[in-house]
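The values are calculated or read from the model by the stated rules, or taken from the named source; none is laboratory data. Since we're looking at a predicted model, the values are computed, not measured. Cβ atoms come from the backbone with ideal geometry, glycine included; neighbour counts cover every protein chain shown. All accessible areas refer to the heavy atoms of the entire protein, side chains included, with ligands and DNA or RNA removed. Shrake-Rupley method; radii C 1.70, N 1.55, O 1.52, S 1.80 Å.
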Amino acid sequence: MMDITATYDDPPDEKANENEEVEVEKPEGNFEITRGQIPVPDTGVYGGFSFRKLWAFTGPGFLMSIAYLDPGNIESDLQAGAIAKYKLLWVLMWSTVLGLVLQLLSARLGCTTGLDLAEVCRHEYPRVPRYALWIMMEIAIIGSDIQEVIGSGIAINLLSSGKIPIWAGVLITGADTFTFLFLENYGLRKLEAFFGALITTMAITFMYLYIKVAPSQVGIMKGLAIPWCEDCNKAEVEQLVGIVGAVIMPHNIYLHSALVQSREIDRRSKGAIKEANMYYAIESAIALLVSFVINLFVMSVFASAFSDRPDANDASLRKAGLWLNDKYGEVTKIIWGVGILAAGQSSTMTGTYAGQFVMQGFLNIKWAKWKRVLLTRSIAMVPTIIVALIATKDLDAMNNWLNVLQSVQLPFALLPVLHFTSSSRIMGDFKNGMIVTIIVWCLALLVMVINFYLVILFVGTGDDWWVYLITALVLAAYCCFVAFIAIGQDNILKIKAFIAGRCGRDVSSIEMEIERRQEVSYSAGLTSLNEQTDLRYRQMVNES
């Protein structure tokens, strides 16, 4: 059985010969997050609980949780509070729980295989679907980054009392994002501490607003406990769907599977992998609990203070700052601006990391490190800044469309991670059990239905026949691709073999490909840096 290890870097469709040397990239501490950067203390026997080890594993989950606190989420919170008051708090809570389930699957995939989700996609999918998935994720990342840099630009505009225009704030955000990312040079733990400081800033600022406004605690408890939207109108239903679309971000699933690679784990030991999965689960749960509380602060504040305004349906990040200024004074506007700036700046940086990991994982770029990092981060940031500068006059409408964009991209993260974590060939003893598999697939189906409904709410067509034709063609192509990913590559090959056999065609090449895939193991730590294993695997691929 051939092993794909964490050091395997060549896509299956590239040729190799027996004399070729396999280059193994060793972890380095500069310019990027790399594998095994952070050592985990050895406390002896696996299985017990150690706060020292929990502290060593703390970091990736909090970086991941920042996507649940980006300006798009904050705006969704304030709109839901202003329009539906406390009715939708339960949606926020259960969306966060669902997000935690998906993030844990992502972390388990990365921790168990030693590869991130994008790398596993590169090994598992043929060339065309693989590139299509990469393009979809790049679009999702750019869409998310647009919301984040515009959110930071709005925050800078509020903090400067309008003296710095939003477009200038966007440029400032783009520049300082690259500046802050160079904190990696001083060590990953210092970078994680910086992100922790930004999350703390958000928690303090939004908690201050929560205490200042003093929303109804009874209303909050009812909103959390009663899973229903009583007497909800269309606007409130749209907010319900929008919360789900804003909370679960497709690229964040890819990001988390890469972030967990930063800890040094002995993947030759099942006990070590099991222990790492446990600590990552605890850390992720704590991180998303913090993010949920911060989101709850925002939704409750606007449910209490601004739901009675006649223009509540027009709530946005900038208008929220002006409302706070009018009702509670300039200090609250400044505090709101500081919180939004922390949210925008931190999420822009993690979005940039997501772009880097996704591009490297799918394309396996083998350039010098500084060139690779510059390209992968610029691919996400440069289009983001350009679009943000062009669209600053239509921010509210664009934000709705960006939420729709995230929704239509979600299956291309959900479906692969569910397939991979349910596969014994990929996960070994750590695959999802039957009950977990059924639950997560039902939840994924529910999330996709909700997100498709969000698309229906916002997407309209014209009266011209060509508009209907183009819409139908795009929808058909999209549905076919989603169906392809949902069925899974192993099942696709079996279906092809069955159809070819029924038609009397030769199925030997398809059967050979099925056999090859069954021979591939992802036991990342069971072999060391073994050149012959790597070469034999690639030769087998080329022969098939």
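So the values come out like this:
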item	result
Some residue of the range 300-308 being in contact (Cβ under 8 Å) with a residue 40 or more places away in the chain and more than 20 Å from ALA82 (Cβ to Cβ)	no
Of residues in the range 243-273 being hydroxyl-bearing (Ser, Thr, Tyr) and farther than 30 Å from ILE450 by Cβ, the one surrounded by the most Cβ atoms within 10 Å (Cβ to Cβ)	SER262
Single residue of the range 479-510 satisfying the filter (over 20 Å from LEU418 (Cα atoms) and either of a type in the set (Lys, Arg) or surrounded by 15 or more Cβ atoms within 10 Å (Cβ to Cβ) (or both)) that is nearest to the chain's Cα centre (by Cα)	LYS496
ILE282 vs. criteria more than 30 Å from THR113 (Cα to Cα) and open to solvent by 10 Å² or more (accessible area, probe 1.4 Å)	no
All positions within the range 507-524 that are outside any helix (DSSP H, G or I) and either at pLDDT 85 or above or touching a strand residue (DSSP E or B) at 6+ places or on another chain (Cβ under 6 Å) (or both)	VAL507, VAL520, SER521, SER523
Among the candidates LEU341, LEU375, residue that is of a type outside the set (Asp, Glu) and over 30 Å from ASP77 (Cβ atoms)	LEU375
Test: residue in the range 161-175 that is open to solvent by less than 10 Å² (accessible area, probe 1.4 Å) and assigned to a loop (DSSP other than H, G, I, E, B)	no
Matching residues in the range 430-439 - criterion: being out of contact with any Ser or Thr (no Cβ under 8 Å at 6 or more places or on another chain) and under 13 Å from LEU102 (Cα atoms)	VAL436, ILE439
Pairs where the first residue, in the range 404-426, is closer than 17 Å to ALA118 by Cα and the second is open to solvent by 10 Å² or more (accessible area, probe 1.4 Å) and among the polar types (S, T, N, Q), C-beta under 7 Å, 6+ apart	SER422/THR437
Residue within the range 71-84 that is outside any loop (DSSP other than H, G, I, E, B), at pLDDT 90 or above, polar (S, T, N, Q) and closer than 23 Å to GLY355 by Cα present	no
Count of residues meeting criterion [open to solvent by 30 Å² or more (accessible area, probe 1.4 Å) and either closer than 18 Å to HIS256 by Cα or within 14 Å of the chain's Cα centre (by Cα) (or both)] in the range 423-451	2
Enumerated helices (runs of 4 or more DSSP H) restricted to the range 253-369, each holding at least 2 residues that are in contact with a Ser or Thr (Cβ under 6 Å, 6 or more places away or on another chain)	270-305, 330-363
Selected residue (criterion: farthest from MET427 (Cα to Cα)) from residues of the range 108-129 that are part of a helix (DSSP H, G or I) and among the hydrophobic types (A, V, I, L, M, F, W, C)	VAL128
Filter result for the condition that a residue is under 25 Å from the mean Cα position of the chain (by Cα), more than 19 Å from PHE412 (Cβ to Cβ) and assigned to a helix (DSSP H, G or I), over ALA155, ALA132	ALA155
Qualifying residue in the range 311-325 (condition: in contact with a His (Cβ under 9 Å, 6 or more places away or on another chain), of a type outside the set (Lys, Arg) and either farther than 25 Å from ALA214 by Cα or open to solvent by less than 70 Å² (accessible area, probe 1.4 Å) (or both))	no
Any chance PHE206 is in contact with a Gly (Cβ under 8 Å, 6 or more places away or on another chain) and surrounded by 14 or more Cβ atoms within 10 Å (Cβ to Cβ)	yes
Test: residue in the range 111-128 that is open to solvent by 10 Å² or more (accessible area, probe 1.4 Å) and without any contact (Cβ under 8 Å) to a residue 60 or more places away in the chain	yes
Number of the exception - GLY219 against (1) open to solvent by 10 Å² or more (accessible area, probe 1.4 Å); (2) within 27 Å of GLY59 (Cβ to Cβ)	(2)
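A quick yes/no check of all residues on (1) in contact (Cβ under 8 Å) with a residue 60 or more places away in the chain; (2) open to solvent by less than 10 Å² (accessible area, probe 1.4 Å); (3) under 19 Å from the mean Cα position of the chain (by Cα):
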residue: LEU54; (1), (2), (3): yes, no, no
residue: THR58; (1), (2), (3): yes, no, yes
residue: LEU69; (1), (2), (3): yes, yes, yes
residue: GLY72; (1), (2), (3): yes, yes, yes
residue: TYR86; (1), (2), (3): yes, no, no
